[in-house]
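The values are calculated or read from the model by the stated rules, or taken from the named source; none is laboratory data. Note that the structure is a prediction, hence the values are computed from the model and not measured. Note that we place each Cβ from the backbone using ideal geometry, even for glycine, and neighbour counts take in every protein chain shown. SASA here: full protein model, heavy atoms, side chains in, ligands and nucleic acids out. Shrake-Rupley method; radii C 1.70, N 1.55, O 1.52, S 1.80 Å.
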Amino acid sequence: MKLLRMKPGHGEIVLAEGDIEVPEQERALIEAFRRELDEGMWAAVPTETQTGRREAELVKSFAEVPRDAERVIFFPRAAGGCGAEPA
Amino acid sequence: MALALGTGAVVLVVLVWELVRPTLRRTLIGLQLRWHARRTAAAASGYDPGRERRAEQRARALLRSCVAEHDWAMYTDLGFLRVRGRLGEETGGAVEGSEYAYLIYPHKPIVAYVPETGELLNEYCVAFPDLSRPYGSARLPHSDDVLAKWMALTADERRLIGEANMHLPGRQIDPERVRRDIARLARWEAQRGVRAAELRPPGNVRAA
């Protein structure tokens, strides 16, 4: 499993990578996961439904991450935006 | 005669030059100052066009790996993504005439509309500012912004809409532009042979 984070000026960076079946690596993943949530990030797991539709799932704890997920993507939490600049 | 005309021309050129010179000088100095200020500002903010381009390339690759092939083609061809709204499904399924969708633009509001009629419903202004500003800016690359909106919408539409500032259509994006984009999308899908029924969710009464 890979934990990725979107970053301005860079694109995504790999925060942690490991096999969740290996306790040490799972612990490292959990620590990195919590750190990002503590920083106010949202965590999403890209998924595919049985009908083939792509979507995402927001997770609030590592326990909610599907065990077979390949990656979790962290991104800054949403905030009401848009300045005064018209498009 | 020729000598007089020549002398007159030279005198005229010199006079015009003397008149224009101060203005020209001021303009050149102004341009030089503006150019210098722009360079200084860029250096101070750490803006690097090459780095931003590489960031956008990474963001596009990530977006491509997350969305369906059809959606990726839509984004590369048209510059936006469409996501079907699903709040109606939570309360007992979509009802005839209530289906709606969103258009996701990079760093612009999400626009809700009715695909059946093209009616624009609302603009949802939402951003994903990274307050750590790693390279002086809080803005994600364009495709990361689109992916963040897509993930948040498909995962928890109600939450994202709740966080956004809602406005009537036209606040930030020209409604004519959106209507043109909706028409472009319809043509694009027609060319790709996508039937409207395929876009509707299973169990939707309108798809029957």
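Before rounding to the nearest 500, sum -39500 (n - 2.57) across all DSSP H runs of length at least 4 in the protein assembly as shown and divide by the residue total; then give [θ] at 222 nm in deg cm²/dmol.
Details: 8 runs with 135 residues, N = 295.
Helix contribution divided over all residues of the protein assembly as shown: -15500 deg cm²/dmol.
Probe radius 1.4 Å, ligands and nucleic acids left out: can you give me the accessible area buried at the B-A interface, summed over both chains, in Å² to the nearest hundred?
Working: alone 13620 and 6510 Å², together 16810 Å².
Its buried surface, counting both partners, is about 3300 Å².
May I ask you to compute the full-extension gain from B:Arg64 to B:Val11, defined as 0.36 nm times their residue separation minus their alpha-carbon distance, rounded to one decimal in nm? Provide the component values of the computation, followed by the final result.
On the way: separation 53, 0.36 × 53 = 19.08 nm, distance 6.77 nm.
That pair, B:Arg64 and B:Val11, stretches by 12.3 nm at full extension.
B:Arg177 versus A:Glu39, label points 7 Å from Cα toward the beta carbon: distance in nm?
3.2 nm
With a 1.4 Å probe and every protein chain kept in, tell me what percent of the accessible surface of the protein assembly as shown is carbon plus sulfur.
54 percent
Return the whole-Å distance between the Cα centroid of the range B:141-165 and the Cα centroid of the range A:1-72.
Computed from Cα coordinates, the inter-centre distance equals 17 Å.
Using +1 at the Cβ of each Lys and Arg and -1 at the Cβ of each Asp and Glu in the protein assembly as shown, identify which of B:Gly193, A:Ser61, B:Gly6 lies farthest towards the dipole's positive end.
In the protein assembly as shown, that residue is B:Gly6.
Reported to two decimal places, what Rg/Rh ratio describes the range A:8-87 when computed on Cα atoms with Rh from the Kirkwood expression? Don't skip to the end; give the middle numbers.
Working: Rg = 15.1 Å, Rh = 14.4 Å.
Using Cα coordinates only, the ratio equals 1.05.
Mind listing the long-range amide H neighbours of A:Glu12? Cut-off is under 5 Å, sequence gap 5 or more, other chains count too, H placed in the peptide plane at 1.01 Å from N.
A:Lys7, B:Ala59
Which value, in Å³ per residue, describes the convex hull spanned by the Cα atoms of the range B:51-199? Provide the component values of the computation, followed by the final result.
On the way: hull volume 18.2 nm³, N = 149.
Spread over its residues, the Cα hull of the range B:51-199 gives 122 Å³ apiece.
Determine the dipole magnitude for the protein assembly as shown: charges of +1 sit on the beta-carbon of Lys and Arg, -1 on that of Asp and Glu, nothing else is charged, the reference point is the Cα centre, and the result goes in debye to the nearest 20. Don't skip to the answer; put the middle values down first.
On the way: 43 positive and 42 negative charges, 310 e Å.
Dipole size: approximately 1480 debye.
Label point 7 Å out from A:Lys60 along Cα-to-Cβ: which residues of the range A:4-45 have amide N under 20 Å?
The answer is A:30-45, whose backbone nitrogens lie closer than 20 Å to the label point.
If you count only protein heavy atoms with a 1.4 Å probe, what accessible area per residue comes out for the range B:1-47, rounded to a whole Å²? Please report the intermediate quantities before stating the final value.
On the way: 4360 Å² over 47 residues.
The answer is 93 Å² per residue.
Determine by what factor the alpha-carbon radius of gyration of the range B:1-47 differs from 2.2 N^0.38 Å, reporting the quotient.
Ratio of Rg to 2.2 N^0.38 Å for the range B:1-47: 2.08.
Note the per residue figure in Å³ for the convex hull of the C-alpha positions in the protein assembly as shown. Numbers along the way, then the final one.
Numbers: hull volume 59.7 nm³, N = 295.
Per residue, the Cα convex hull of the protein assembly as shown comes to 203 Å³.
Kindly tabulate the residues in the range A:1-34 with an accessible-area decrease of at least 50 Å² between the chain alone and the assembly of all protein chains, using a probe of 1.4 Å.
Residues losing area: A:Met6, A:Pro8, A:Gly9, A:His10, A:Glu12.
Say the dipole of the protein assembly as shown comes from +1 at the beta carbon of Lys and Arg and -1 at that of Asp and Glu; which of A:Leu15, B:Pro115, B:Ala127 then lies farthest toward its positive end?
B:Ala127
Report relative contact order for chain A in percent, whole number only (criteria: Cα-Cα under 8 Å, sequence separation at least 6).
On the way: 127 pairs, mean separation 27.1, N = 87.
Computed over chain A, the figure is 31 percent.
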